[in-house]
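Colleague: Structure in structure tokens, see below.
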Amino acid sequence: MPVYPITDSWSDPISLQAGDIVQNHSPHPIDVCPGEPDEANRLRLLGYVGAFQVDDAVTIVARGTSHGSSALTVVRGF
């Protein structure tokens, strides 16, 4: 299960495979965008409970919404 450290700046691209589940693995909300950073097209994952599954392969970027440390985990193969 890959873990990606997230800061308050947009991350490098994170490649996802069809069926992957992306989870916020920290107490702070994380913003996620497909492709390039886009405020109008972001999804906010709440702390520890925020998650989503992708139907197709996609590349995302993410950033934390606070100055605390954050992390995204990717569960593969579902």
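The values are calculated or read from the model by the stated rules, or taken from the named source; none is laboratory data. What you see is a predicted model, and the numbers here were worked out from it, not measured in a lab. No Cβ is skipped: glycine too gets one built from the backbone with ideal geometry, and neighbour counts run over all protein chains shown. What goes into the accessible areas is simple: the full protein's heavy atoms, side chains included, and nothing from ligands, DNA or RNA. Shrake-Rupley method; radii C 1.70, N 1.55, O 1.52, S 1.80 Å.
Colleague: Show the residue pairs that are 6+ apart or on different chains and have beta-carbon atoms under 9 Å apart, the first residue being within region 54-78 and within 15 Å of Ile14 (Cα to Cα) and open to solvent by 20 Å² or more (accessible area, probe 1.4 Å), the second being of a type in the set (A, V, I, L, M, F, W, C) and in a loop (DSSP other than H, G, I, E, B).
Modeller: Correct list of pairs: Asp56/Ala18; Ala57/Ala18; Val58/Ala18; Arg63/Trp10; Val75/Met1; Arg76/Met1.
Colleague: Next question. Scan region 1-53 for residues that are open to solvent by less than 70 Å² (accessible area, probe 1.4 Å) and among the aliphatic types (A, V, I, L, M) and jot them down.
Modeller: Ile6, Ile14, Leu16, Ala18, Ile21, Val22, Ile30, Val32, Leu45, Ala51
Colleague: Could you tell me how many of the residues in region 20-41 are under 13 Å from Thr59 (Cα atoms) and not hydrophobic (A, V, I, L, M, F, W, C)?
Modeller: Number satisfying all stated conditions: 5.
Colleague: Out of the residues in region 10-22 that are touching a strand residue (DSSP E or B) at 6+ places or on another chain (Cβ under 6 Å) and part of a loop (DSSP other than H, G, I, E, B), which is farthest from Asn41 (Cα to Cα)?
Modeller: Among them, the one singled out is Asp20.
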